[in-house]
Amino acid sequence: MTTPEDTYAIARIDLPGASTHGWQVRLQRRGRKYGKFFADRVHGGTREAYRVARAWRNALIERLDERESGPRVCLKSARNSSGVVGVSKVAVSASNGETYFFWQATWCPEPGQRRCVKFSIRRHGDRQAFRLAVEARREGVSR
């Protein structure tokens, strides 16, 4: 039985019309894309091609992790209207049709994990909800 770790960034490609069968490894780190195709025919069958694809993927991840020492630094995007990376204003529609507004803080404590916390504008007011979200983001990133 395979686990998500076994197949992370690996996809099976079977295109009989193009006589293409193999495993595709694709990952992206800091905006740069990495990929390689491992054909069954070249590597002696489906299982061996998969084994080689996994080994290549694992070596690539190890090499990329060695380069990335320290926390990931995010830059403010042009789409950011709050002025703070990881803090955004969100609207949630309730089942009764009413819309509630929040300031939300998001961060990634570890690779593959995401945390978020919302602060109600109705309860705290716009300014205070924003300040709470900024502080939550700062604390979450620094842990």
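What follows is calculated from the coordinates using simple rules that are stated; it is not laboratory data. Everything numeric here is computed off the predicted structure, so don't read it as measured data. Here the Cβ positions follow ideal geometry from the backbone for every residue, glycine too, while neighbour counts run over all protein chains shown.
What the table below lists for this structure:
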| read-out | value |
| --- | --- |
| Electrostatic dipole magnitude of segment 4-67 [Cβ: Lys, Arg +1; Asp, Glu -1; Cα centre; debye, to 20] | 320 |
| Shape metrics for segment 4-67, restricted to C-alpha atoms - Rg then Dmax, Å | 12.3, 41 |
| Degrees between helix 46-67 axis and first principal axis of the chain (Cα, 0 to 90, nearest 10) | 40 |
| Mean residue ellipticity (222 nm) of the chain, computed from DSSP H runs ≥ 4 via -39,500 (n - 2.57), nearest 500 | -10500 deg cm²/dmol |
| C-alpha long axis of helix 126-142 to longest principal axis of the chain, angle in ° | 40 |
| Burial ordering of TRP23, TRP107, TRP56, fewest other beta-carbon atoms within 10 Å first | TRP56, TRP107, TRP23 |
| Relative contact order of segment 9-143, pairs being alpha-carbon contacts under 8 Å that are 6 or more residues apart, as % | 12 |
| Net dipole in debye of segment 7-143 [+1 Lys, Arg Cβ; -1 Asp, Glu Cβ; about Cα centre; nearest 20] | 300 |
| Aspartates and glutamates whose Cα lies under 14 Å from that of LYS89, excluding same-chain neighbours fewer than 8 positions away | ASP126 |
| Label-zone membership for segment 9-25, site THR46, 7 angstrom Cα→C-beta point, backbone N under 18 Å | 10-25 |
